[in-house]
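First the structure, in the form of structure tokens, and then the observations on it.
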Amino acid sequence: MAAAAEDLNSIPNQQSFLQTSFGRNILLGVGAAVVLAIMVAVWMWSQQPEYRVLFSNYTDRDGGAITASLDQMAIKYKFSEGGTAILVPANQVHDVRLKLAAQGLPKGGNVGFELMENQKLGVSQFLEQVNYQRSLEGELARSIQSLAAVSAARVHLALPKPSVFVRDQQKPTASVLLNLQTGRTIDAGQVSAIIHLVASSVPELPPSNVTVVDQAGNLLSDTSKPAGAKNLDPNQLKYVAQLQQSIVKQVESLIIPLVGQGNVRAEATADVDFAQVDTAAEMYKPNSPPAASAIRSQQSSEAGAPGSTASGVPGALSNQPPGVATAPIAGGAPAAAGGAGAAGASRKDSTTNYEVDKTVRYEQKPMGGVKRLSVGVVVNYRRLVDAKTGKVSIKALSAAEVAQINDLVKEAMGYSKERGDTLNVTNAPFDGVDKPVDAPVALAWWRDPEIQEIARQYGKYLLAAIVLMILYFRILRPMLRPVLRKFDQITELPPAPVKPSTAEVEEEAERIEHQAEVTQQVSGYRENLTMAKKLASEDPRVVANVVKAWVGTNE
């Protein structure tokens, strides 16, 4: 009961304290402080910068190093939801990235050759070899991660010990694990580039000993397929698609000026030969006439009868050549056998070999040649609008116009009859061609993304200014008005004395004289009153007789 009585007694004390000037001043100061705090908070909100992503998908080690470096550079940062990205002010993103790159951040979780810079004194040769292998694996992983389609990579090297015996020597091997970007793929050419990159970085590592696997466990460096097998090459498919698009673009660029935008459709199909052919031909032609042919070799031989051979004592006479052979006279008697003047039997053979005409030709056809082209073109009917009624009508193109379009398409596609190219140009109405075409609706200015961004920025500043003005003029200023008024009264200076004029001096003198007379009368009245009071206190009978006399005379 005593405690309750004390609480009840304290309530009027508190109310009386708030009703005092000191309590009101304290309450006013607290309210002004709260309003100022709100105004400062609004101002800081309006000046808060926009944050953007600095790095994302980083390792814990890199995240700690990056945040430590940002704290050292006194740069504000914050984390995104889930902590998967570090955000910094938008106007500092590129500058901070360059500064962190100068410090080697982020490292990507791989240790490179900087591991060799921290070698301790007395380290063993085995540990040096292990550190070198780790450094080489980290550098290769960083190089592979620089590819656009690769998010992360790990490289494992198996380096055998060198041996002086040839039969004991082993080739090193390598394994590469790729973590590709979301929605990205890697083609055979890029896999081959990674394989040769790793093989060229490790001594005596053949490309066949490099294995590449993706994050899904797919073997990308599969060499089990036989050489020369027919496979779909993405580069070849891309080349065919680009060739067809190029032909379509050329055809439409010629026809659109004649029929208008949206009134022509073209498609092309290209049969491309990607086989690389090497031809070696050796052809023989019929022999030319002997006069125009070249002699390759010539051989002649001559034989005589036994009687015409040299005989007798060896010497100059017996070695003389035989005489000139003479044909026998027709109808004449034959010479006697063994006669001195008769000619013996002889034979003469002659062989001449001529060159045979031969042509040897080696021809190499490059891959990617066009075997056949097929192009189809559809042209819309001509659209006519009546200027008076606004009615829309369609009209087919004339035969001359279709023939002109056909010739233009042939020139644009590179038509070749010997190659077997085909072309089909058709004039047909498109769906909805007879309907009035509405003009494209222009985008409203307030829907422009750039205008929206500018409005958002200036709207934030305008909202902050309005809130600050409301807080100041509606709350803070009325609260501080009494304090400011008292302060003005305290600091108000007395007015400067003004020299009075002659009339004012005379008037003031008369006023002072009149006031003196009134004061004298008042002082006489006061003196008489004082004497009456003194007489009444000393002799009340006299005062009573005087009063009776006043009452009796009715005065």
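Structural remarks
- Residues whose amide H lies under 5 Å from that of Q181, counting only those 5 or more places away or on a different chain, are V150, S151; hydrogens are built 1.01 Å from N in the peptide plane.
- Full extension of the chain segment joining K285 with T84 gains 64.4 nm, where the gain is 0.36 nm per residue of separation less the Cα-Cα distance.
- Inter-site label distance for A444 and I466 at 7 Å from Cα along Cβ, in nm: 1.9 nm
- Taking a Cβ cut-off of under 14 Å around V212, the surrounding Lys, Arg, Asp and Glu residues balance to a net charge of -2, with basic ones at +1 and acidic ones at -1.
- Count Lys and Arg as plus one, Asp and Glu as minus one, and take only other residues whose Cβ is under 12 Å from that of V191; the net charge is then -3.
- The HN-Hα couplings worked out from phi for region 453-465 by the Karplus form 6.51 cos²θ - 1.76 cosθ + 1.60 (θ = phi - 60°) are 5, 5, 5, 5, 5, 5, x, 5, 5, 5, 5, 5, 5 Hz, whole numbers, x standing for Gly and Pro.
- Phi angles of region 470-475 translate, via the Karplus equation with coefficients 6.51, -1.76, 1.60 and θ = phi - 60°, into HN-Hα couplings of 5, 5, 6, 7, 9, 10 Hz per residue; Gly and Pro are given as x.
- Computed from phi, the 3J(HN,Hα) profile of region 85-96 under the Karplus parametrisation 6.51, -1.76, 1.60 (θ = phi - 60°) reads 8, 9, 10, 10, x, 4, 7, 10, 4, 5, 5, 5 Hz, with x in place of Gly and Pro.
- Relative contact order computed over region 133-264 (Cα-Cα under 8 Å; 6+ residues apart), in percent: 17 percent
- The simple Förster model, with R0 at 35 Å and r as the Cβ-Cβ distance, assigns Q215 and F113 a FRET efficiency of 0.85.
- Ranked from largest, the principal axis spans of the Cα set of region 141-219 equal 49, 21, 20 Å.
Each reported figure results from applying straightforward, stated rules to the coordinates on display, with no laboratory input. Since the model is a prediction, treat every value here as computed from it, not as a measurement. Cβ coordinates were reconstructed from backbone atoms using ideal geometry, including for glycine residues, and neighbour counts include every protein chain displayed.
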